[in-house]
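FYI, it's all coordinate maths here, none of it is from the lab. Keep in mind that what you see is a predicted model, and the values were worked out from it rather than measured. Cβ: placed from backbone, ideal geometry, glycine included. Neighbour counts: every protein chain shown.
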Amino acid sequence: MSHFAIVHWPSPATLKAIIFNTTLADIVIVGSKFFIGKSLFDLETYGYDPDKVRQGKTYRYPNMGWWLGHLVAISVVYSLGNVLWR
C-alpha cells in the first residue's frame, strides 16, 4: 500500500492531495486498528493488573518484537524484490 502511494504520488503535493489522493488515510486506519487490537490482545492475555510480570522472550509471539521482526523481514524482502526484478 505504501509502495502504491509512493509510485502514484500526486504531482502538486499539497496537504489536501496527500491526505485525500493517496493511501495515507488507509495506512493510518490499518495501523491504528493493529495497535488497538494488540492492546486488547494483551489485556485478554495478561489481564488488567499492571504489576503482573510478563514472561517470555521479546522476539517470540505475541510480543511486539515478533511483529517488528516480521515487519522488517517483509519490508526487506519486498524492497529487494522491487530493486532486483524491475
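Working note: Karplus 6.51/-1.76/1.60 with θ = phi - 60° gives the range 66-75 the couplings 5, 5, 5, x, 6, 4, 5, 5, 5, 5 Hz, where Gly and Pro are set to x.
When the Cα atoms of the chain are aligned to their principal axes, the ranges along those axes come out at 52, 34, 14 Å in descending order. Using the Cβ-Cβ distance between residue 68 and residue 8 with R0 set to 30 Å, the FRET efficiency works out to roughly 0.60.
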